[in-house]
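I have placed the structure first, in the form of structure tokens, so that the comments after it can refer back to it.
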Amino acid sequence: MLAGIAALALPLAACGSSDGSGSGDKPIVGLITKTDTNPFFVKMKEGAQKAADEQGVTLQTFAGKQDGDNESQVQAIESLISAGAKGFLITPSDSKAIVPAIDKARQAGLLVIALDTPTEPADAVDATFATDNYQAGLLIGQWAKAKFAKESKQAKIAMLDLNANQVSVDVQRDQGFLEGFGIDVGDKTKIGDESDSQIVGHDVTDGAEEGGRTAMENLLQKDPSINLVYTINEPAAAGAYEALKAAGKQNDVTIVSVDGGCPGVAAVKSGEIGATSQQYPLKMAQLGVEAIKKFADDGAKPETTAGKDFYDTGVTLITDQAEDGVESKDTTFGTENCWG
């Protein structure tokens, strides 16, 4: 689900022309992702490139060394400003720390669109195209609650989060899951302040398979009776499953996650993951590139989804174990739409 080594993506190594007008006087559009190894961001890049070809713009792409690498993203923004880009799409590694660099870009006249992960504050960018991450967490929480209630099981929950920075996407998925499961979260803007005895603990994964395995091992040492695992994404879920398998507990524990990528849907089909919330990164990137091209043509900025402060690209619960009262689609649908 995740390549073993995260490649270093430096601003000077960006794809596309580096002059102000772009290749053949085409407008330059940037894409800055958290990494270039997570399949979610690989698909996002594919979507952006497809849209760039269709829209007649030059795409330059950048990525951090790992999730949380803010400095590489700052360097990428500087490079795009210097190149005379019309705008860029970014999945912020640090929703707060990236804001000064984004401010500089907007002051230089670039349109900035956040993908997947909102900035803090959200209005630091011109628009956000994203999954409703709270809703993604809520759906897997509601599904797990219904499953455990039907089986009359008392939950012992491991929370496998992203990192210590408590970025918005991490907080929203974590808190959405807990609320969906019916747990009082206390402060909705913080991870880990709950007092519910069903929660064994939280650990961080960096959104990676290795991190998921280590976090799962740590929490199993704390309480071997864990029977429900929330994971920030599917690479972390893959690591958690491997740790559970090594401990001989893979058949006794339900894993839920967020992504809905092709490998993740396959893991749902095989039973490694019970349910996942499917996102649509290709759609995010395509819409983002189209929005920047429109801005380059006539100065128009994208609008938000009614009732929300971002453009909602949708989320669908994928499981082959449907539960009453929780809307879902099966893995056939998930396979047909993974990474869409």
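The values are calculated or read from the model by the stated rules, or taken from the named source; none is laboratory data. Please read all numbers here as calculations on a predicted model, not as lab measurements. Cβ atoms come from the backbone with ideal geometry, glycine included; neighbour counts cover every protein chain shown. Side chains are part of the model used for accessible areas, which takes the heavy atoms of the whole protein and leaves out ligands, DNA and RNA. Shrake-Rupley method; radii C 1.70, N 1.55, O 1.52, S 1.80 Å.
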Spelling it out for I28: with amide H atoms placed in the peptide plane at 1.01 Å from N, the residues 5 or more places away or on another chain with amide H under 5 Å from its amide H are T58, K86
Nearest 10, in degrees from 0 to 90: the angle of helix 281-298 to the longest Cα principal axis of the chain is 20 degrees
Taking Cα atoms only, Rg over Rh for the chain with Rh from the Kirkwood formula is 0.99
Among G186, Q172, L160, the residue whose Cα sits farthest towards the positive end of the charge dipole of the stretch 148-188, when +1 is placed on the Cβ of each Lys and Arg and -1 on the Cβ of each Asp and Glu, is L160
FRET efficiency for A122 and E210 from the Cβ-Cβ distance with R0 = 22 Å, rounded to 0.05, comes out at 0.10
The convex hull of the Cα atoms of the stretch 274-340, divided by residue count, gives a volume in Å³ per residue of 90 Å³
If every Lys and Arg gets +1 and every Asp and Glu gets -1 at its Cβ, then about the Cα centre the stretch 208-282 yields a dipole, in debye to the nearest 20, of 120 debye
Simple spin-label estimate for E303/E54, 7 Å along Cα→Cβ, in nm, reads 2.1 nm
Checked against the positive end of the charge dipole of the chain (+1 on Cβ of Lys and Arg, -1 on Cβ of Asp and Glu, about the Cα centre), the farthest of T117, S82, H202 is S82
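Under 11 Å from the Cβ of D259, count the other residues' Cβ atoms, weight Lys and Arg +1, Asp and Glu -1, and hand me the total.
0
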To the nearest 10 degrees, the tilt of helix 234-246 (Cα long axis) against the first principal axis of the alpha carbons of the chain is 30 degrees
antiparallel share of DSSP beta bridges within the chain, to nearest 5, in %, is 10 percent
If every Lys and Arg gets +1 and every Asp and Glu gets -1 at its Cβ, then about the Cα centre the stretch 141-286 yields a dipole, in debye to the nearest 20, of 520 debye
Mean accessible area per residue over the chain (1.4 angstrom probe, all protein chains present, square angstrom) is 39 Å²
If every Lys and Arg gets +1 and every Asp and Glu gets -1 at its Cβ, then about the Cα centre the chain yields a dipole, in debye to the nearest 20, of 320 debye
The percentage of the accessible area of the chain (probe 1.4 Å, all protein chains present) made up of carbon and sulfur atoms, to the nearest whole number, is 47 percent
Tilt, helix 168-181 to longest principal axis of the chain (alpha-carbon atoms), in degrees rounded to tens, equals 30 degrees
